[in-house]
1. Hey, can you tell me all the residues within region 382-436 that are open to solvent by less than 70 Å² (accessible area, probe 1.4 Å), assigned to a loop (DSSP other than H, G, I, E, B) and polar (S, T, N, Q)?
2. Only residues that are within 19 Å of the chain's Cα centre (by Cα) and within 9 Å of Arg304 (Cα to Cα): list them for region 228-242, please.
3. What pairs come out if I take residues in region 410-427 that are modelled with pLDDT of 90 or more and pair them with residues that are part of a loop (DSSP other than H, G, I, E, B) whose C-beta lies under 9 Å away, six or more apart or interchain?
4. How many of the residues making up region 437-458 are of a type outside the set (Phe, Trp, Tyr) and either open to solvent by 100 Å² or more (accessible area, probe 1.4 Å) or on the phi > 0 side of the Ramachandran plot (or both)?
5. Does Gln337 fit the bill of being open to solvent by 40 Å² or more (accessible area, probe 1.4 Å), of a type outside the set (A, V, I, L, M, F, W, C) and not in a loop (DSSP other than H, G, I, E, B)?
6. If I filter region 343-365 for residues that are assigned to a strand (DSSP E or B), farther than 19 Å from Pro242 by Cα and at pLDDT 90 or above, do I get at least one hit?
7. Which of the residues spanning region 314-334 are under 21 Å from Arg391 (Cα atoms), of a type in the set (Gly, Ala, Ser) and crowded, with 17+ Cβ neighbours inside 10 Å?
Amino acid sequence: MYHGRNTGKGPSTPTQIYQQPPRLLIVQTALPSWADICSNLCEALQNFFSLACSLMGPSRMSLFSLYVVQNQHECILPFVQVKGNFARLQACISELRMFQREGCFRPPGLCLHLAVQDGLQQFKQYSRHVTTGASLSYTSLEITVLTSLPGKEVVKQLEEGLKDTDLVRVRRLQVVEITKGVLEYMDSVSPAEEPSSDESSILGTDIDLQTIDNDVVSMEIFFKAWLHNNGTDQEHIHLLLPSRCFSNISRARDDSMCLKCDLQERLLSPSLLPGTADGSLRMDDPKGDFSTLYQMASQSSASRYKLRVIKALNSNGICESLTYGLPFILRPTSCWQLDWDELETNQQNFHALCHSLLKREWLLLAKGEPLSGGHSLRQPANTFYVIVPSRSPTLLVKAVATRELMLPSPFPLLPENPPDDSLKIVESVLDSLELEPIYNPLQAWSHLYSHLSNTFIKPQDRLHPSWESRALRKAGQLQTNRVRATVAPLPVIPTPGRAPQMPAASKSSSEALFWLSKEEVGEEKEEEYPWGP
């Protein structure tokens, strides 16, 4: 997936550890390819928001808004808080499903950049409205445009349409081209050179371009990246190594080498979701989740949390039963406060470490150095970690048991020669199993999405059927806890031969509407797991 640059400034606070900036999603429903994309996109959005709205702990997403661009731009979901608003998000996705799927292709014209301008204008108004009583965590907006048209041409259209627009409040503007079996319909559009599906580039001025496949799994993975903490205000953690152990890495002043790293989750903890196997456990139970380390690393400003390497281990020198909790990933930091030379040197040293460990077939044993608790006389306990290299420029870190945690395990050795009858029976059973070279989690599902979606359904909160809701909205009669905010909508460019139609976010009184919060399987895809067998 794409790891783009972020331009957000300002120090982060501990309460913002997970939270991402407000997001505006603009879906360009170009005909006739929209018919091939609609169901996959809506299912991926439904699955993603069932997760995002269910996660306990700090909110990882703040505000979200959705625009649709077909023959004109239309806001079908003004900015809302994600957490606690699954019903509204679900109703919005139902509306998205109802957009026209058949018809002739028309060039998108000027609608796309108008949707960007209108969304940015509404975000500014929302910010002014909210900050009268409370401060927003973020003052900049991330905008994503989903399209089936050639991505480079869409980028050029946006660059031309937005060249005179003030984008100082835009943290990132991204165009995502949905590929596979859709571009063949666009005979009237000259095809642009297609970027690699696993590689993104930055074209023009601050507009990122990425491609994803037209299937539910690919779209889910794209949206789930919104749950990551990709802030670049500071590095998360320092990995300290004795420089004398690595001859190809220069010595530091204190005879140790410091690699500045960012943390990233590998998995979502089941304990953060209701109704899962670990759902009955308290969030603060010492289950070994890395959230405590993650919070300590993020709360440290003057002194970063440190992992100090103390020993090397053979790659087969640790029993899996001694590791516990969820793993996390270290990667070279992309902190904007470091100069380019330091960033480049840090990245090169990180890559050299990965290469050296793979060549030697080594693991590293590291000890966490917790932050000082002031003048307390109690010395905090250390946590030990095993660091596993990978074929990607990342390191996998897992907590490992210490002497104090061990329980006696008086297991005898396995007998060398089991009875022949038992051996034949068991081997016959094993021979009937299908053998897979690796475990691919994308081919295993637990019906978690449907379970999470059903937890939000209450008999008294049944909404109108989607077709009825759509009809009422078109007639301007849908009233769902909407609060008026005075924002003059942008003018709508009528399509030739068709009567003008006002966006859902505007009324005849030239006011926009804001909603303020009161409160399974896609196409199988293979994924390479660098820490797998």
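The values are calculated or read from the model by the stated rules, or taken from the named source; none is laboratory data. Everything quoted here is computed from the prediction, not taken from an experiment. Methodologically, a virtual Cβ is constructed for each residue, glycine included, from the backbone with ideal geometry; neighbour enumeration extends over all protein chains shown. Only protein heavy atoms, including side chains, enter the accessible area calculation; ligands, DNA and RNA are left aside. Shrake-Rupley method; radii C 1.70, N 1.55, O 1.52, S 1.80 Å.
1. Asn382, Thr383, Ser390, Ser392, Thr394, Thr402
2. Matches in region 228-242: Glu235, His236.
3. Pairs that qualify, where the first residue is modelled with pLDDT of 90 or more and the partner is part of a loop (DSSP other than H, G, I, E, B), are Leu423/Asn417; Val426/Pro418.
4. Adding up the residues that qualify gives 3.
5. For Gln337, the condition - open to solvent by 40 Å² or more (accessible area, probe 1.4 Å), of a type outside the set (A, V, I, L, M, F, W, C) and not in a loop (DSSP other than H, G, I, E, B) - is not met.
6. Checking region 343-365: not a single residue is assigned to a strand (DSSP E or B), farther than 19 Å from Pro242 by Cα and at pLDDT 90 or above.
7. Listed by number, the list holds a single entry, Ser334.
One line per residue, one yes/no per condition, for (1) closer than 26 Å to Asp233 by Cβ; (2) modelled with pLDDT of 85 or more; (3) open to solvent by less than 50 Å² (accessible area, probe 1.4 Å):
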site	(1), (2), (3)
Gln121	no, yes, no
Tyr126	yes, yes, yes
Thr131	yes, no, no
Ser137	yes, no, no
Lys156	no, yes, no
